[in-house]
Structures are given as C-alpha cells and as structure tokens.
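Colleague: Next up is a structure, given as structure tokens.
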Amino acid sequence: MKRTLLLIIIVSSISVLFSQDKRAFVGITHNAISLGNPFAKGPIHPGIDVGLARMLNDHPNIRWFQTYRLGILHQSDVQTAVPLYSEIGFRYIPGGGFAIGPQLGLGYLHAFSASPTVKQNADGSYRKSINWGRAQGMVALTLGASYGTGNLRYFLNYQLMLQGPFVSWRAPLLPTTTLRFGVTFYVPKKENNE
C-alpha cells in the first residue's frame with residue numbers, strides 16, 4: 001500500500017514538470033505535536049519544505065491548483081521526518097493581491113525516531129541497531145492566506161497533519177500542527193529557439 005501510494009505520487013509529479021503554468025515555492029515551518037496552537041508546547045521545532053505547484057485553471061478570482069512537496073521536519077524528543085506529498089488546493093482572490101483558501105494533501109512520510117533503536121540478542125540483552133526509519137502514510141489539511149505582488153506570492157499556512165501508523169498499539173496516528181510561511185515564484189518557461 002505504501003509503495004503504491006509513493007509510486008502514484010511520483011508518477012503524477014512528472015506531469016508538473018511539463019506543465020505550462022507552474023510555480024516553485026520554499027517554506028520555513030514550525031512543527032508542533034499538538035492539535036491547537038503550534039506554539040503552545042515547548043521549543044521551536046524547525047522544518048523546511050520546497051516544491052512545485054501547477055495551476056489547474058485560469059480564472060482571475062478563483063484558482064484551483066496542485067502542489068508537489070518535499071520537506072524535512074524535526075520534532076525534538078520525537079522524530080525527524082521527511083514528507084513527500086501532493087495537495088489539491090483552492091484559492092479565492094477577492095482583490096488587491098490577497099487570497100485565502102484550503103488545501104488537502106495525501107502522501108508518504110519517512111520518520112526517524114529520536115529514541116535509540118535497539119534489538120534484543122539471543123541471550124536477552126540489547127544492542128543498538130541502525131535507525132533506518134519507518135515508512136508511513138500521511139494526510140494533511142491546510143488553511144492559508146497569501147499576498148501576491150508581481151512575480152512573488154507570500155504565504156502563511158496553518159496545517160494539521162496526521163501520520164500513521166505511528167505506534168500501532170498505543171498511538172496509531174500522530175497529529176502535527178505546522179505553521180508555515182514562505183514565498184512562491186513563477187518558474188520561467190524555457191523558450192525553444194530552433
């Protein structure tokens with residue numbers, strides 16, 4: 001199932017490379033393990049994500065788009081994770097460059113535990129083992145606002161992400177809230193001058 005999902009994301013991502021209207025983006029994130037205020041518990045949990053977006057329509061006030069994201073997030077005492085996912089988004093632009101809208105994402109997340117990984121020997125003692133991480137699925141709901149001027153669009157997004165299975169017998173889903181800010185810019189089209 002996880003391999004199939006990853007394959008679907010990779011294959012569908014190839015279409016954005018050939019899209020005529022695409023934007024690249026970079027975002028800085030703060031990731032908290034809570035369901036409310038991302039600053040409610042403890043220190044800053046840094047992250048970064050990059051990707052491409054393609055516009056699915058060309059209406060001046062209502063935009064549908066698809067994103068392809070790759071990132072890394074660190075949650076101290078819990079994990080470091082690498083999400084690879086795609087989102088479908090809607091943006092309402094009432095005027096003046098401002099826009100608001102939701103996004104719904106689905107994808108793959110590879111999590112590396114912050115705890116040491118151990119294996120039990122035949123005599124009952126434990127030894128450290130290599131932490132190759134765990135393959136997991138993820139779903140994300142994002143609400144965002146942005147402001148566009150010229151070639152740039154600045155954004156601020158609030159995201160709820162569920163990853164799983166986290167610890168199947170104790171906590172099958174791990175909720176993470178993310179506050180993301182960043183910039184989106186147009187990718188110049190290659191001109192064929194042959």
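The values are calculated or read from the model by the stated rules, or taken from the named source; none is laboratory data. Quick caveat: nothing in here was measured; it's all calculated off a predicted structure. Because the Cβ atoms are built from the backbone with ideal geometry, glycine has one as well, and the counts that use them run over all protein chains shown. Surface accessibility is based on the protein's heavy atoms, side chains included, excluding ligands, DNA and RNA. Shrake-Rupley method; radii C 1.70, N 1.55, O 1.52, S 1.80 Å.
Colleague: Of everything in segment 103-129, what is surrounded by fewer than 14 Cβ atoms within 10 Å (Cβ to Cβ) and either over 21 Å from residue 76 (Cβ atoms) or modelled with pLDDT of 85 or more (or both)? Give them in sequence order.
Modeller: 104, 119, 120, 121, 122, 123, 124, 125, 126, 127, 129
Colleague: Moving to a separate point now. When you check residue 100 against the structure, is it open to solvent by 40 Å² or more (accessible area, probe 1.4 Å) and either in contact with a His (Cβ under 6 Å, 6 or more places away or on another chain) or modelled with pLDDT under 75 (or both), yes or no?
Modeller: Criteria not met by residue 100.
Colleague: So which pairs qualify, if the first residue must be in segment 68-97 and charged (D, E, K, R), the second must be at pLDDT below 85 and open to solvent by 40 Å² or more (accessible area, probe 1.4 Å), the Cβ gap must be under 8 Å, and the two must be at least 6 apart or on different chains?
Modeller: 77/114
Colleague: Of the residues that sit in segment 45-92 and are of a type in the set (D, E, K, R) and under 10 Å from the mean Cα position of the chain (by Cα), which one is modelled with the highest pLDDT?
Modeller: 87
Colleague: Only one of (1) under 17 Å from residue 178 (Cα atoms); (2) outside any strand (DSSP E or B) fails for residue 80. Which number is that?
Modeller: Of the numbered conditions (1) under 17 Å from residue 178 (Cα atoms); (2) outside any strand (DSSP E or B), the odd one out for residue 80 is (2).
Colleague: Select, from 172, 188, the only residue that is surrounded by fewer than 14 Cβ atoms within 10 Å (Cβ to Cβ), more than 30 Å from residue 61 (Cα to Cα) and at pLDDT below 85.
Modeller: Testing whether each residue is surrounded by fewer than 14 Cβ atoms within 10 Å (Cβ to Cβ), more than 30 Å from residue 61 (Cα to Cα) and at pLDDT below 85 leaves just 172.
Colleague: Find the strands (runs of 3 or more DSSP E) located wholly in segment 89-189 whose residues include 1 or more that are aromatic (Phe, Trp, Tyr), and list them.
Modeller: 98-113, 126-128, 134-149, 152-164, 174-186
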